[in-house]
1. Check off (1) over 24 Å from V143 (Cα atoms); (2) touching a Pro at 6+ places or on another chain (Cβ under 7 Å); (3) away from the ligand (no atom under 16 Å from the Cβ) for F235 and give me the number that stays unchecked.
2. Of the numbered conditions (1) open to solvent by less than 50 Å² (accessible area, probe 1.4 Å); (2) of a type outside the set (F, W, Y); (3) assigned to a helix (DSSP H, G or I); (4) more than 16 Å from the ligand (Cβ to nearest atom), L180 fails exactly one; give the number of that condition.
3. Quick one: L137 ticks every box in (1) open to solvent by less than 10 Å² (accessible area, probe 1.4 Å); (2) at pLDDT 95 or above; (3) under 26 Å from F205 (Cα atoms); (4) not β-branched (V, I, T) except a single one, so which number is it?
4. List pairs: first in the stretch 324-340 and among the hydrophobic types (A, V, I, L, M, F, W, C), second within 11 Å of the ligand (Cβ to nearest atom) and outside any strand (DSSP E or B), Cβ under 7 Å, 6+ apart or cross-chain?
5. Among the residues of the stretch 340-366, count how many are among the small types (G, A, S) and touching a Lys or Arg at 6+ places or on another chain (Cβ under 9 Å).
6. Kindly indicate whether D257 is touching a residue at least 12 places away in the same chain (Cβ under 8 Å), acidic (D, E) and either within 19 Å of N150 (Cβ to Cβ) or away from the ligand (no atom under 14 Å from the Cβ) (or both).
7. Report, by residue number, each residue of the stretch 73-88 that is touching a Pro at 6+ places or on another chain (Cβ under 8 Å) and either surrounded by 24 or more Cβ atoms within 10 Å (Cβ to Cβ) or in contact (Cβ under 8 Å) with a residue 60 or more places away in the chain (or both).
Amino acid sequence: MNDTFLWGAAGSAHQTEGNNVSSDLWALENSAGGPFPERSGDACDAYHRWPEDLDLLRELGFDAYRFSVEWARVEPEEGRFSKAALGHYRRIVEGCLERGLTPVVTLHHFTSPRWFKGWKGGADRFRAYAEAVVPILEGVEWVCTINEPNLVAMVSSLREGGGGVAGAMPAPDPAMTEALIEAHRAAREVLAGFRSGWTIANQNFEALPGAEAERDAWARPREDVFIEAARGDDFIGVQAYTRVLVGTGGALPVAGDCRKTLTGWEYYPAALGNAVRYTAAKAPGVPILVTENGIATTDDAERIEYTGQALDGLRAAMAEGADVRGYLHWSLLDNYEWGSYRPTFGLVEVDRDSFARTAKPSARWLGSRRI
Ligand code: BGC
């Protein structure tokens, strides 16, 4: 391919911007007795500090930035689109282009406007939002419609609690899966002329000996249907962090004695190469973009160790023929990890009071290398 291999880092609106007050998650975080230990609050104040973040990416040597447009800001009330919010995101797109950064824009990264009644029957609303965003995307090539629809679907079938490894969650309601696929396709129609696709939370389901059939049955509704729905898309996003072991009774909890990260997931850098191989096999011919990969750790040397090993796996998968177009590390900043600031995935530390950004050694290490 003539395309340059994208080399960048990622974030999302709710996790970085702060004060996403018209979103469903803000409402949940701030409800009495809400489920989360911490609220997003000001997050990293990226709503105001995004030029600094783009400068930093550039200085560190990256050439791509994945960020999301926040639906709740663009359409805070159903049918009323905010020109100011659209203008804000247009400036970020232009800020990327001026600095030679390739923008990779996500339309939906977990949060929705408070008024949104959910994906079932929601495709037309999502289409209308996508239509409103298209005019500010001039100069953008890569657009992700929905981030991790398989996780969105699994979370929606959680009755209570949460936490743990995503792949161990209950199987999604098939009607929810269908609704997400419909919304994705509706947005892709609107996005004709861009390279559009969605990004999958790859769980790397691995069978214990003798549990191969259970593994396949477990993976199908939680991952495979979402990958297969991307056949014919312009690309598919691979997001991989860890693996989930499956025994004859289903997914197993993370073993007590294995090496773990701050999110409680198994330290498993082979996740990336394996997820890429798996995706290439299930969606043959669809170009792959690694839209997320990283580790929650307070030990930055461990971040370098994990990422170096993950990139070795990615290179091996590419040598075997996987058509991979870029690598976007999760995350640029130590941002809000859906309920807590404790699991730090960032290449860049963010002071929680002053919002000052400080690049970690891993940021310089990753920014100065290539695949
Ligand atoms: C999500 C990110 C999240 C990351 C680490 C992915 O599921 O897209 O928003 O922060 O993984 O948990």
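The values are calculated or read from the model by the stated rules, or taken from the named source; none is laboratory data. These numbers come from a predicted model, not from an experiment. As a convention, Cβ positions derive from the backbone with ideal geometry for all residues, glycine included, and neighbour counts pool all protein chains shown. Quick note on the areas: whole protein, heavy atoms, side chains included, nothing else; ligands and nucleic acids left out. Shrake-Rupley method; radii C 1.70, N 1.55, O 1.52, S 1.80 Å.
1. Every listed condition holds for F235 apart from (1).
2. Failing condition for L180: (4).
3. In the conditions (1) open to solvent by less than 10 Å² (accessible area, probe 1.4 Å); (2) at pLDDT 95 or above; (3) under 26 Å from F205 (Cα atoms); (4) not β-branched (V, I, T), L137 misses (3) alone.
4. W330/N293; W330/G294; W330/F345; L332/G11; L332/G346; L333/G11; L333/T16; L333/G346
5. Residues flagged as among the small types (G, A, S) and touching a Lys or Arg at 6+ places or on another chain (Cβ under 9 Å) within the stretch 340-366 amount to 2.
6. no
7. Matches in the stretch 73-88: E75 only.
Conditions (1) away from the ligand (no atom under 12 Å from the Cβ); (2) surrounded by fewer than 19 Cβ atoms within 10 Å (Cβ to Cβ); (3) part of a helix (DSSP H, G or I), marked per residue:
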{"position": "Y268", "(1), (2), (3)": "yes, no, no"}
{"position": "A275", "(1), (2), (3)": "yes, no, yes"}
{"position": "T279", "(1), (2), (3)": "yes, no, yes"}
{"position": "A301", "(1), (2), (3)": "yes, yes, yes"}
{"position": "A310", "(1), (2), (3)": "yes, no, yes"}
{"position": "M318", "(1), (2), (3)": "yes, yes, yes"}
{"position": "L328", "(1), (2), (3)": "no, no, no"}
{"position": "F345", "(1), (2), (3)": "no, no, no"}
